[in-house]
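Student: Got a structure for you, questions after.
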Amino acid sequence: MTPERLERIKATLAARQPDLTVLTDDVHKQHNLSAIIRTCDAFAVPRVNVVWSEQTYRTYRGRAMGSQNWVDVDMHDTIESAISELQGKGMKVCAACFTDRAIDYRDYDFTQPTVLLMGNEKHGVSEIAADMADEHLIIPMSGMVQSFNVSVAASLLLSEAVHQRKQAGLFNTQDLPNQSRLPQEEYDRLFFEWCQPLITQICKNHNLPYPEIGEDGHLVDPQAFSELVNS
């Protein structure tokens, strides 16, 4: 663990926005989902919600180019259950779709706890998901093509969200615990997993709790952990 990498980990965690996320409505092309996850990492989104089967996601993980190492992925059985769960946490679900009630995405207040709902590559947001959404957003276009690729659309929406949040001071985290808006437990988990990926895998393989690490990212008592694993 170099000092430069440690500082990068801390700075990345400091910027994470726990009340901003993306929900994909049957986005089935793996390169699109990979691009969305990489975009979320770039725009400080710590978690993506996807409607996919467990088997499909296991296949995807092998082709995701490591992007899932920095963004948590929550899977849901149905789009209805996903939307209900996120709305139950006080988040507004904003569907990216062309409807009569859609507003320009730049007119939406992204400083609110927000879920960006992105639709299927061929059919867009499903009818039931659009009905359940709190808001509909459109990205104005000046060309002949009437829609963006789903990962491009997600990038544009998240870019605006980050712009608004920076203007509102939500990235100014110097007075918050650990310089982060993340809940303490989530911050500690991510800090450990990012600093100690090999130890993380060992703990998961052996069903062990994570050992204590210091602010430098190193194990406080590596010998005790080694004895625990080999016991």
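The values are calculated or read from the model by the stated rules, or taken from the named source; none is laboratory data. As the structure is a computational prediction, the values presented were derived from the model and not from experiment. For neighbour counting, all protein chains shown are included, and Cβ atoms are generated from backbone atoms with ideal geometry for every residue, glycine included.
Student: Give the residues of the stretch 189-215 that are surrounded by 15 or more Cβ atoms within 10 Å (Cβ to Cβ) and charged (D, E, K, R), sorted by residue number.
Tutor: The answer is ARG189, GLU193.
Student: Sort out which residues of the stretch 216-231 are among the small types (Gly, Ala, Ser) and either part of a loop (DSSP other than H, G, I, E, B) or under 20 Å from PHE191 (Cβ atoms) (or both), and write them in order of number.
Tutor: GLY217, ALA224, SER231
Student: Working only within the stretch 87-112, note down all residues that are among the aliphatic types (A, V, I, L, M) and in contact with a His (Cβ under 9 Å, 6 or more places away or on another chain). Full working, then the answer.
Tutor: Residues of the stretch 87-112 among the aliphatic types (A, V, I, L, M): 91, 93, 95-96, 102-103.
Hits for the stretch 87-112 are ALA95, ALA96, ALA102, ILE103.
Student: Considering only residues that are surrounded by 18 or more Cβ atoms within 10 Å (Cβ to Cβ) and either aromatic (Phe, Trp, Tyr) or out of contact with any strand residue (DSSP E or B) (no Cβ under 8 Å at 6 or more places or on another chain) (or both), look in the stretch 216-231 and name the one that is nearest to ALA15 (Cα to Cα).
Tutor: Per the criteria, the residue is GLY217.
Student: Restricting to the stretch 80-117, and then to whatever is at pLDDT below 95 and in contact with a helix residue (DSSP H, G or I) (Cβ under 6 Å, 6 or more places away or on another chain), can you tell me which residue is nearest to HIS163 (Cα to Cα)?
Tutor: Applying the filter and picking the extreme gives ALA96.
Student: I want to confirm something. Restricting to the stretch 1-21 and keeping residues that are more than 19 Å from LEU170 (Cα to Cα) and in contact (Cβ under 8 Å) with a residue 24 or more places away in the chain, which single residue is farthest from the chain's Cα centre (by Cα)?
Tutor: My answer is MET1.
Student: Here's a follow-up. Can you tell me which residues in the stretch 71-92 are crowded, with 21+ Cβ neighbours inside 10 Å and under 24 Å from ALA168 (Cβ atoms)?
Tutor: Within the stretch 71-92, VAL71, LEU86 qualify.
Student: I'd like to verify a number: residues in the stretch 126-160 that are over 14 Å from ILE36 (Cβ atoms) and in contact with a helix residue (DSSP H, G or I) (Cβ under 9 Å, 6 or more places away or on another chain), how many? Don't jump to the end; show me each part of the working.
Tutor: Taking the stretch 126-160 and keeping what is over 14 Å from ILE36 (Cβ atoms), we get 126-147, 160.
The next check asks that each one be in contact with a helix residue (DSSP H, G or I) (Cβ under 9 Å, 6 or more places away or on another chain); those that pass are 126, 128-129, 132-134, 136-140, 147, 160.
Number of matching residues: 13.
Student: Now a separate question. Give all pairs with beta carbons closer than 9 Å in which a residue from the stretch 94-108 that is acidic (Asp, Glu) meets a residue that is assigned to a loop (DSSP other than H, G, I, E, B); count only pairs at least 6 apart in sequence or on separate chains.
Tutor: Hits for this filter: ASP104/ILE139; ASP104/PRO140.
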